[in-house]
Amino acid sequence: MTPSLPPFGQPGHWFKGNLHTHTTQSDGKVTPSENVQWHADHGYHFVALTDHNRVTDPRAWVPDAPILVIPSVEISARRAPVEYHILAIGVDAMPIAHNGDPQATIDAVNAAGGLSIVAHPYWHDHTLEDLLALHGHHGIEIFNAGCWLDIQKGHSLVHWDAVLRRGQRVLGLATDDSHWVYPDYGRGWELARAPRLDQPAILEALRRGQFYSTMGPEIYDVQLDGRQVTVRCSPARSIFLVGDYYHCPTAAHAWDGRPLTEATFTMHRQQEYLRVEVVDMDYQSAWTNAYFIGIEPESR
Ligand SMILES: [Zn+2]
Ligand SMILES: [Zn+2]
């Protein structure tokens, strides 16, 4: 049997979650309980309330939460003149004062057992150097709905490939960053593969990259067989295998208008990493994390 690349084919269940949303505890327009209830009503299994520079403790604010609420915070940091927002997922208290150094912030989040994510690089107009100056963080946001809807700087895929290409093995996350002023919710989420739904299991799954991120399309499987990669997904306009190359087309398109649900690609040279992106008929994307699998070059 052809082996699947994780998180596909792994034991466990799929759990849907949003890791970036605001409440009236900072600049969001809904209360913590209204926020959590919305996610519960829309099929989410977990949510991280990430108010600015204060942990919205679910035990205090949503004691009867119908879904898993992971205590979290979005921490402002700066290394003048560059600003960063660092998501700290799974921390009970501010692990460090805000407006400190971004690396110290990441280190403090990690030391507190949290997941550290660099939020919305494109919204900050981060350069490659701004991102490569950091290390030890678990991931970066590759899609942020609020930054997209506000100023069309929600997609940070160029940033992601640029750091991946240089060996920074960070996870890619899609989030809402919902402030609830307009419908900036339900637009980007994670599907995590975990043995059970509790905070340790979800955090461990996220930390290990056992998830994919999506705006809607579903990815059912990614299999690797020698140099062949097969992707199965919900109906798609395009299926891409993205890597560190440009002379080797690795895309399948529904040119005839009939949606694709499968594509197989053959790699023709050594790849440092690969990732899969699926685009549905409404131009919504889903993204796997990057695979550093070192596909062998074709013998010549
Ligand atoms: Zn932010
Ligand atoms: Zn935010």
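Find all pairs meeting these conditions: Cβ atoms under 6 angstrom apart; at least six residues apart or on different chains; first residue within the stretch 90-111 and over 11 Å from His137 (Cα atoms); second residue open to solvent by 20 Å² or more (accessible area, probe 1.4 Å) and part of a loop (DSSP other than H, G, I, E, B).
Close Cβ pairs (under 6 Å, with a partner that is open to solvent by 20 Å² or more (accessible area, probe 1.4 Å) and part of a loop (DSSP other than H, G, I, E, B)) amount to Val91/Ala112; Ala93/Val55; Pro95/Ala112; His98/Asn53.
Given the criteria under 30 Å from Gln223 (Cα atoms) and in a loop (DSSP other than H, G, I, E, B), does Pro7 qualify?
Values: under 30 Å from Gln223 (Cα atoms): yes; in a loop (DSSP other than H, G, I, E, B): yes.
The answer is yes for Pro7.
Which pairs have Cβ atoms under 7 Å, sit 6 or more apart or on different chains, and link a residue in the stretch 206-232 that is closer than 19 Å to Asp177 by Cα and in contact (Cβ under 8 Å) with a residue 60 or more places away in the chain to one that is crowded, with 17+ Cβ neighbours inside 10 Å and basic (Lys, Arg)?
Taking only residues 6 or more apart or on different chains, the pairs are Phe211/Arg193; Met215/Arg187.
Mind checking which residues of the stretch 74-102 are under 17 Å from Arg207 (Cβ atoms) and either assigned to a strand (DSSP E or B) or within 16 Å of ligand 2 (Cβ to nearest atom) (or both)?
Ile86, Leu87, Ala88, Ile89, Val91
Among (1) in contact with a strand residue (DSSP E or B) (Cβ under 6 Å, 6 or more places away or on another chain); (2) under 30 Å from Ala290 (Cα atoms); (3) within 13 Å of ligand 2 (Cβ to nearest atom), which single condition is Asp51 missing?
With respect to (1) in contact with a strand residue (DSSP E or B) (Cβ under 6 Å, 6 or more places away or on another chain); (2) under 30 Å from Ala290 (Cα atoms); (3) within 13 Å of ligand 2 (Cβ to nearest atom), Asp51 is out only on (1).
Tell me which residues, restricted to the stretch 47-58, are surrounded by fewer than 22 Cβ atoms within 10 Å (Cβ to Cβ) and either polar (S, T, N, Q) or out of contact with any Pro (no Cβ under 8 Å at 6 or more places or on another chain) (or both).
Within the stretch 47-58, Asp51, His52, Asn53, Arg54 qualify.
With the structure loaded, tell me whether Val36 is surrounded by fewer than 24 Cβ atoms within 10 Å (Cβ to Cβ), β-branched (Val, Ile, Thr) and out of contact with any Asp or Glu (no Cβ under 9 Å at 6 or more places or on another chain) or whether it fails that test.
On the way: surrounded by fewer than 24 Cβ atoms within 10 Å (Cβ to Cβ): no; β-branched (Val, Ile, Thr): yes; out of contact with any Asp or Glu (no Cβ under 9 Å at 6 or more places or on another chain): yes.
Answer is no for this residue.
Would you mention how many residues in the stretch 80-97 are open to solvent by less than 30 Å² (accessible area, probe 1.4 Å) and farther than 21 Å from Asn144 by Cα?
Here the count works out to 1.
Does Val55 satisfy the criteria of being of a type outside the set (D, E, K, R), part of a loop (DSSP other than H, G, I, E, B) and within 16 Å of ligand 1 (Cβ to nearest atom)? Reasoning before the result, please.
On the way: of a type outside the set (D, E, K, R): yes; part of a loop (DSSP other than H, G, I, E, B): yes; within 16 Å of ligand 1 (Cβ to nearest atom): yes.
Yes, satisfied.
Do you know which residues across the stretch 116-148 are surrounded by 15 or more Cβ atoms within 10 Å (Cβ to Cβ), within 14 Å of ligand 1 (Cβ to nearest atom) and more than 14 Å from the chain's Cα centre (by Cα)?
Within the stretch 116-148, Tyr122, Trp123, His124, His126, Gly146, Cys147, Trp148 meet the criteria.
So if I check each of Gly100, Gly17, which one is away from ligand 1 (no atom under 16 Å from the Cβ), modelled with pLDDT of 95 or more and either open to solvent by less than 30 Å² (accessible area, probe 1.4 Å) or under 19 Å from Asp176 (Cβ atoms) (or both)?
Values: Gly100 fails: away from ligand 1 (no atom under 16 Å from the Cβ).
So the residue among Gly100, Gly17 that is away from ligand 1 (no atom under 16 Å from the Cβ), modelled with pLDDT of 95 or more and either open to solvent by less than 30 Å² (accessible area, probe 1.4 Å) or under 19 Å from Asp176 (Cβ atoms) (or both) is Gly17.
Would you say Thr2 is over 24 Å from Val276 (Cα atoms), in contact with a Ser or Thr (Cβ under 8 Å, 6 or more places away or on another chain), away from ligand 1 (no atom under 16 Å from the Cβ) and part of a loop (DSSP other than H, G, I, E, B)?
On the way: over 24 Å from Val276 (Cα atoms): no; in contact with a Ser or Thr (Cβ under 8 Å, 6 or more places away or on another chain): yes; away from ligand 1 (no atom under 16 Å from the Cβ): yes; part of a loop (DSSP other than H, G, I, E, B): yes.
When the stated conditions are applied, Thr2 does not pass them.
Please tell me if Gly113 is in contact with a helix residue (DSSP H, G or I) (Cβ under 9 Å, 6 or more places away or on another chain) and open to solvent by less than 30 Å² (accessible area, probe 1.4 Å). Show your work before the answer.
On the way: in contact with a helix residue (DSSP H, G or I) (Cβ under 9 Å, 6 or more places away or on another chain): yes; open to solvent by less than 30 Å² (accessible area, probe 1.4 Å): no.
Against the criterion (in contact with a helix residue (DSSP H, G or I) (Cβ under 9 Å, 6 or more places away or on another chain) and open to solvent by less than 30 Å² (accessible area, probe 1.4 Å)), Gly113 does not qualify.
In the stretch 154-192, which residues are open to solvent by 50 Å² or more (accessible area, probe 1.4 Å) and either under 25 Å from Gly113 (Cβ atoms) or within 16 Å of ligand 1 (Cβ to nearest atom) (or both)?
Residues satisfying the conditions are His155, Arg169, Val181, Tyr185, Arg187.
The values are calculated or read from the model by the stated rules, or taken from the named source; none is laboratory data. Just so you know, these numbers come straight off a predicted model, no measurement behind them. Here Cβ is always computed from backbone atoms with ideal geometry, including for glycine, and neighbour counts include all displayed protein chains. Note: accessible area is taken over every heavy atom of the protein model, side chains too, but ligands, DNA and RNA are not part of it. Shrake-Rupley method; radii C 1.70, N 1.55, O 1.52, S 1.80 Å.
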